[in-house]
Amino acid sequence: MTMTYAAKNLTTNGRELIAFRVGDQEFCVNIMLVREIRGWTPATSMPHAPSYVLGVINLRGAVLPIVDLSARLGMKPAEPTVRHVIIVAQVKSQVVGLLVDAVSDILTITDDKIQPTPDVISSEFEKSFARGVLAIEGRMICLIELEAIFPQEEREAA
Amino acid sequence: MDMNEIKEIFFQECEEQLAELESGLLKLNDGDRDPETVNAVFRAVHSIKGGAGAFGLDDLVSFAHVFETTLDCVRSNRLDPGPEVLKVMLKSADVLADLTNAARDGGSVDGARSRQLIKELEALANGEVPPASAAPVEPVVKPVAAAAPPPVNDEGFQPVAFSFDDFDAPEEPPLMEMPVYDIVFKPKSDLYAKGNEATLLLRDLSRLGEMSIHCDMGALPTLDRLSPESAYFFWKISLATDKGEDAIRTVFEFAEWDCDLEISLVSDETAPSGEELPMQPVPFDLSILDDEPAVSVGVVEEEEQLAAQQRDIRNAAVSAAGTASNVLQMAQSATRAPTEKPAPAAASAAAQSAAAQQAAASAGTPTIRVDLDRVDRLINLVGELVINQAMLSQSVVENDTNGTSSINMGLEELQQLTREIQDSVMAIRAQPVKPVFQRMSRIVREIADMTGKSVRLITEGENTEVDKTVIDKLAEPLTHMIRNAVDHGLETPEKRLAAGKSAEGTVRLTAKHRSGRIVIELADDGAGINREKVRQKAIDNDLIAADANLSDEEIDNLIFHAGFSTADKISDISGRGVGMDVVKRSIQALGGRINISSKPGHGSVFIMSLPLTLAVLDGMVVTVANQTLVVPLTAIVETLQPEASAIHSFGSNQRLISIRNSFCPLVDVGRILNFRGTQANPVEGVALLVESEGGGQRALMVDAIQGQRQVVIKSLEANYTHVPGIAAATILGDGRVALILDVDAIVAASRGQSLKPEMSLAAVG
């Protein structure tokens with residue numbers, strides 16, 4: 001039974017997602033991009049950084065930039081507390097820490113569960129990172145694409 | 001180990017050989033006539049040819065072969081290595097390097113150039129030698145005279161002759177008209193040490209025709225004098241072949257240096273004359289040449305007892321001919337022949353020479369090749385260790401105010417040890433600048449050729465060591481500067497003569513250590529900087545105002561501005577607009593500084609000062625607007641506590657500080673980095689007097705100094721992006737990230753070139 005489920009899971013392009021809360025909304029990203037999840041530590045602020053970059057922290061010897069996902073997604077900037085969580089994620093060749101309110105769930109879904117993004121989203125920016133929505137136990141979770149949120153080309157062009 | 005790895009090693013060795021070749025040729029160019037230098041040059045080309053042959057790199061082999069042939073003429077004093085000859089040879093070395101690179105990276109080379117050089121080399125080889133054959137012709141020596149003194153043998157042993165009758169290669173019936181060669185093949189222990197096999201050579205030889213072999217064991221000492229790594233045997237070979245002497249030499253090509261080889265042509269059909277020992281071909285199992293030496297040998301002897309001993313000795317012989325790994329077996333064989341006692345004198349002589357050879361072999365410092373990644377990993381780990389140690393010390397200090405002496409002492413020792421480990425690990429990466437300097441001599445040659453100038457490059461301090469990353473990144477700016485020096489700095493020979501200088505220009509490249517940094521100087525004895533021209537050009541390009549009052553030094557430093565080239569016409573070599581500004585930027589990217597000083601008519605000197613490593617930095621830890629920053633210690637000239645009376649407002653929002661009666665602009669670091677909105681009160685803070693590139697001092701205002709510390713440099717770019725005004729990051733004792741200030745960028749920003757808040761981390765707009 002498990003075997004057949006797993007096999008089906010693979011063939012229908014099933015995937016695991018990690019869901020988290022930012023403000024009063026829930027989002028999820030592909031779990032394969034997540035390296036680790038850790039608690040908030042004060043960051044060293046960076047000069048001339050965009051407002052959503054909170055600064056950099058020391059991740060076992062590597063310098064890790066921390067992005068306030070709330071501010072990045074156009075919501076109210078977070079006021080980090082010890083209860084906030086940093087999701088350390090791989091975005092292309094770089095590793096970035098995403099500040100979120102809490103990690104809520106790990107979801108195993110198949111692609112057919114992903115509904116297209118509703119038409120109400122007006123901003124180009126929101127359209128660019130929203131990859132669809134999921135209905136899980138009465139909640140709505142928005143699947144987002146990290147690479148769309150941090151497009152590398154523009155950074156290199158900068 | 002697969003083929004690619006072996007090939008990689010070959011290319012690494014090629015690089016070493018090419019370096020050897022070039023330095024040898026340059027020595028010859030300087031008038032060195034030491035035969036050993038010529039030999040070293042010859043060996044380098046020979047080794048490359050040998051290895052290239054093994055990998056089937058035909059282009060490389062054919063060029064190396066011609067080169068080698070010409071070098072052989074020099075070696076045998078048939079060609080005098082004059083300047084003209086050496087010019088061709090240096091060019092050939094360059095082409096050889098190109099061919100090697102092409103073979104490795106799959107690129108292509110200028111075929112016309114190598115063909116042209118092949119012609120020139122051949123002309124040289126033929127010009128002064130009989131054009132009959134390019135191959136070296138050794139004086140013909142009769143075998144008896146050539147052979148070592150007849151083996152002393154108390155027991156009346158007769159050396160056994162054996163032939164390759166059972167050899168399974170297509171057998172050619174011995175043709176009576178085939179010339180017979182007598183070959184004496186005397187391996188030295190080096191031959192085996194380098195992994196050559198006498199047996200394999202002999203087998204290859206047997207393919208050339210009908211041959212009989214006679215092994216001379218006369219030099220074999222008694223067991224107690226036997227050195228397992230020495231060669232005691234030699235072979236006398238009688239070979240009937242129509243392939244000629246060259247073919248025979250080809251067999252020994254790779255071993256030529258490590259054996260005495262005598263080849264002589266015996267008159268046709270005649271059996272080797274003067275051979276006192278009966279050469280009875282004996283059936284000989286060739287498998288011994290391929291398999292374990294332990295395989296017994298079928299020997300037909302008249303006296304059975306002797307035959308048994310002979311067999312044992314033969315085993316020993318083959319063992320020795322194999323690698324030294326079979327020492328035990330050889331020892332066993334030799335034990336079974338205890339009666340055998342060669343003349344002690346010969347034996348001790350052999351032992352002595354063997355010992356001498358071993359001593360010579362082990363004289364060089366042993367080295368290993370290590371993957372750079374492994375070293376880098378080690379360096380990273382040590383960096384972590386240093387940070388952790390600092391964190392540990394800090395938490396002990398914070399938690400244990402009493403300072404239990406044993407803990408503190410332990411920590412102090414730990415600190416000392418980590419510092420020592422760090423230094424040692426850094427030393428692993430330290431490499432002499434020699435390879436880069438050697439590359440420069442080629443650049444000088446090429447540009448001198450192109451511009452028709454005569455240039456001599458003198459290098460000093462080639463063995464100065466610096467971190468490998470620095471070396472790797474040094475080549476590009478240095479190349480650029482050398483090009484500039486030859487192209488713009490030096491005058492044409494006519495102008496030089498007119499100015500009373502020698503026609504040949506000199507470019508001097510020196511490296512030395514000075515106060516924890518490496519200083520590289522590039523000096524030319526050319527015309528120096530034409531300050532009028534530079535000034536005019538700067539005015540034309542709106543770099544300075546027409547009436548600007550600039551010191552000579554400031555004018556000289558104008559050449560580091562972007563888009564500055566004073567060459568009247570844009571040449572192929574330099575002067576394409578990307579000039580010294582690129583050089584300056586790459587030097588700065590390395591944490592280095594560059595300066596120029598010039599004397600009209602006497603030339604210019606570029607002085608570069610670079611950090612020895614890019615991994616650590618001595619810094620001053622300061623506080624600015626509640627942020628901890630690190631200022632590189634090398635930039636700081638002095639620190640001072642400003643007094644209110646020393647601060648003078650200047651213009652709308654500039655402030656100057658008077659230091660010993662000179663005024664220096666005051667720069668608020670917190671303001672420039674946008675850490676605070678208003679300018680801090682200078683009296684409450686500390687001023688760091690810094691010196692930046694392009695001259696000029698600035699006083700950087702910080703809130704407080706925490707102390708001096710060695711910090712491990714961490715890249716910001718790896719996960720983030722370049723931040724203007726910030727050079728890199730580091731991790732302090734409390735585990736937090738601190739930013740390292742880019743003093744030059746801060747100073748530039750204070751001059752009005754704004755620190756552009758570059759788009760960073762997904763600035764979607």
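Computed quantities for the displayed model
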{"item": "Set of lysines with alpha-carbon distance to B:LYS186 below 25 Å, sequence-local pairs under 8 removed", "result": "B:LYS49, B:LYS142, B:LYS194, B:LYS236, B:LYS243, B:LYS341"}
{"item": "Whole-percent carbon and sulfur share, accessible surface of the stretch B:364-521, 1.4 Å", "result": "52"}
{"item": "nm² value of the averaged projected area, convex hull over the Cα atoms of the stretch B:3-125", "result": "6.7"}
{"item": "Residues in the stretch A:79-111 that a label on A:GLU147 would reach, taking backbone N under 15 Å of a point 7 Å out along Cα→Cβ", "result": "A:90-95"}
{"item": "Per residue convex hull volume, Cα atoms of the stretch A:37-87, in Å³", "result": "77"}
{"item": "Buried area at the B-A interface (accessible, heavy atoms, 1.4 Å probe, summed, Å²)", "result": "2700"}
{"item": "Carbon/sulfur fraction of accessible area - the stretch B:1-104, other protein chains in place, 1.4 Å, %", "result": "49"}
{"item": "Debye log10 I(q)/I(0) for the stretch B:433-611, one point scatterer per Cα, at q = 0.11, 0.12, 0.18, 0.20 Å⁻¹", "result": "-0.45, -0.54, -1.22, -1.44"}
{"item": "Distant-in-sequence amide H partners of B:GLU491 (H built 1.01 Å from N, under 5 Å)", "result": "B:ALA527"}
{"item": "Globularity ratio of the stretch B:616-764, using Cα Rg and 2.2 N^0.38 Å", "result": "1.03"}
{"item": "Over the stretch B:433-611, relative contact order from alpha-carbon pairs under 8 Å, at least 6 apart, %", "result": "24"}
{"item": "Estimated FRET transfer efficiency (B:GLN641, B:THR678; beta-carbon r; R0 25 Å; 0.05)", "result": "0.75"}
{"item": "Percent carbon-and-sulfur accessible area, the stretch B:616-764, ignoring ligands, DNA and RNA, probe 1.4 Å", "result": "47"}
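The values are calculated or read from the model by the stated rules, or taken from the named source; none is laboratory data. Here the structure is a predicted model, which means the values were calculated and not measured. For neighbour counting, all protein chains shown are included, and Cβ atoms are generated from backbone atoms with ideal geometry for every residue, glycine included. Ligands, DNA and RNA are stripped out before the accessible areas are found, and what is left, the full protein with its side chains, is counted by its heavy atoms. Shrake-Rupley method; radii C 1.70, N 1.55, O 1.52, S 1.80 Å.
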